[in-house]
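*Asks:* Structure in structure tokens, see below.
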Amino acid sequence: MPKDHHILVLEDEPATRALLASLLEAEGFRVSTAESAGQANDLAGHHNFDLVLLDLNLPDEDGLYIARELRAKSDVGIIMLTSRKEDIDRVVGLEMGADDYVTKPFFPRELVARVKGLLRRLSMPRTARRLDADGHQVRRFDGWEMDLGKRSLQDPAGREVNLTRAEFDLLTALIEGAGRVLSRDQLLDAIGSQYWTPVDRTIDVLVSRLRRKMELDPKAPAIIVTSHGYGYKFAPAVTSA
Ligand code: CA
């Protein structure tokens with residue numbers, strides 16, 4: 001892992017902010033901190049951050065709003081920090097554009113692992129990552145077309161569907177395992193998030209976001225179906241080209 005990554009910590013609680021900064025600095029990362037969205041904006045005007053640790057509850061601006069703004073204008077990695085179960089429910093219910101999230105109080109080891117996992121994903125070349133043995137990079141299902149090389153998805157009407165990096169990686173894993181039930185653990189591995197805990201809802205969050213973008217009726221999904229208590233299965237037949 002290159003040590004020159006620059007991370008922005010946006011967190012209004014002084015103790016948490018200091019803890020995050022010292023944890024990341026101990027790993028050799030360059031760290032800047034901000035206690036408000038305004039301060040973070042000033043910093044972002046002068047630096048190119050590789051990753052932002054973003055507190056959901058800030059005094060001057062909603063973290064979800066900031067995530068959407070960041071995602072609209074850059075490809076920076078975003079890890080959302082949430083503090084309560086209600087926060088996670090808010091996150092589940094909203095389109096946020098974050099790549100991952102960590103619930104407070106967090107285990108330092110898990111936090112660092114998630115940061116490193118996301119930076120690793122970000123450093124992967126964006127093209128030709130997953131060609132099959134015949135060099136095919138296009139997958140088709142039910143009129144949809146996904147190009148794994150260009151990292152694009154088109155709906156049956158030919159419209160481009162915007163996916164975040166994590167959504168794309170998860171959909172790729174599901175499609176490559178089409179017809180089989182994949183556990184949350186396997187899916188977390190596939191998107192580079194290895195530290196699974198029983199309360200981890202990363203995969204469920206991403207699946208509900210994909211369903212809203214892809215399913216005719218997200219409440220009665222026909223593409224990504226749930227295997228209760230275990231994981232998810234990609235149901236349509238997939239062809240490669
Ligand atoms: Ca806060």
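The values are calculated or read from the model by the stated rules, or taken from the named source; none is laboratory data. What you see is a predicted model; the values in this text were computed from it and never measured. A quick note on method: Cβ atoms are made from the backbone with ideal geometry, for glycine too, and the neighbour counts reach across all protein chains shown. When the accessible area is computed, the model is the full protein with side chains, heavy atoms only, and any ligands, DNA or RNA have been set aside. Shrake-Rupley method; radii C 1.70, N 1.55, O 1.52, S 1.80 Å.
*Asks:* Please go through the stretch 53-87 and pick out each residue that is open to solvent by less than 50 Å² (accessible area, probe 1.4 Å), within 15 Å of the ligand (Cβ to nearest atom) and at pLDDT below 80.
*Replies:* Hit for the stretch 53-87 is Asp87, nothing else.
*Asks:* So for the stretch 217-231 (the condition being open to solvent by less than 20 Å² (accessible area, probe 1.4 Å), hydroxyl-bearing (Ser, Thr, Tyr) and at pLDDT 95 or above), does at least one residue qualify?
*Replies:* No: zero hits.
Table: residues versus (1) more than 22 Å from the chain's Cα centre (by Cα); (2) part of a loop (DSSP other than H, G, I, E, B); (3) not hydrophobic (A, V, I, L, M, F, W, C).
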position	(1), (2), (3)
Ile203	no, no, no
Val207	no, no, no
Arg212	no, no, yes
Asp217	yes, yes, yes
Ala220	yes, yes, no
Thr226	no, no, yes
Lys233	no, no, yes
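*Asks:* Follow-up question, since we're still on this one. Glu35 fails exactly one of the following numbered conditions: (1) closer than 21 Å to Arg201 by Cβ; (2) open to solvent by 10 Å² or more (accessible area, probe 1.4 Å). What is the number of that condition?
*Replies:* Answer for Glu35: the failing condition is (1).
*Asks:* Spot the failing condition for Leu170; the list is (1) under 17 Å from Arg212 (Cβ atoms); (2) modelled with pLDDT under 85; (3) open to solvent by less than 40 Å² (accessible area, probe 1.4 Å), and only one is missed.
*Replies:* Only one criterion is unmet by Leu170, namely (2).
*Asks:* Within the stretch 9-16, can one find any residue that is touching a residue at least 40 places away in the same chain (Cβ under 8 Å), more than 11 Å from the ligand (Cβ to nearest atom) and open to solvent by less than 60 Å² (accessible area, probe 1.4 Å)?
*Replies:* So far as the stretch 9-16 goes, yes, one or more of its residues are touching a residue at least 40 places away in the same chain (Cβ under 8 Å), more than 11 Å from the ligand (Cβ to nearest atom) and open to solvent by less than 60 Å² (accessible area, probe 1.4 Å).
*Asks:* Sticking with this one: Answer yes or no: is there a residue in the stretch 135-150 that is modelled with pLDDT under 75, closer than 21 Å to Thr239 by Cβ and outside the structural domain of Gly45 (by TED's automatic domain parsing).
*Replies:* If we filter the stretch 135-150 for residues that are modelled with pLDDT under 75, which is where we start, we get 135.
When the remaining residues are screened for being closer than 21 Å to Thr239 by Cβ, the result is 135.
Right, trim to outside the structural domain of Gly45 (by TED's automatic domain parsing) and you get 135.
Yes, the stretch 135-150 contains a residue that is modelled with pLDDT under 75, closer than 21 Å to Thr239 by Cβ and outside the structural domain of Gly45 (by TED's automatic domain parsing).
*Asks:* Just a yes or no: is a residue in the stretch 17-35 modelled with pLDDT under 95, more than 20 Å from Ala166 (Cα to Cα) and within 16 Å of the ligand (Cβ to nearest atom)?
*Replies:* No, the stretch 17-35 has no match at all.
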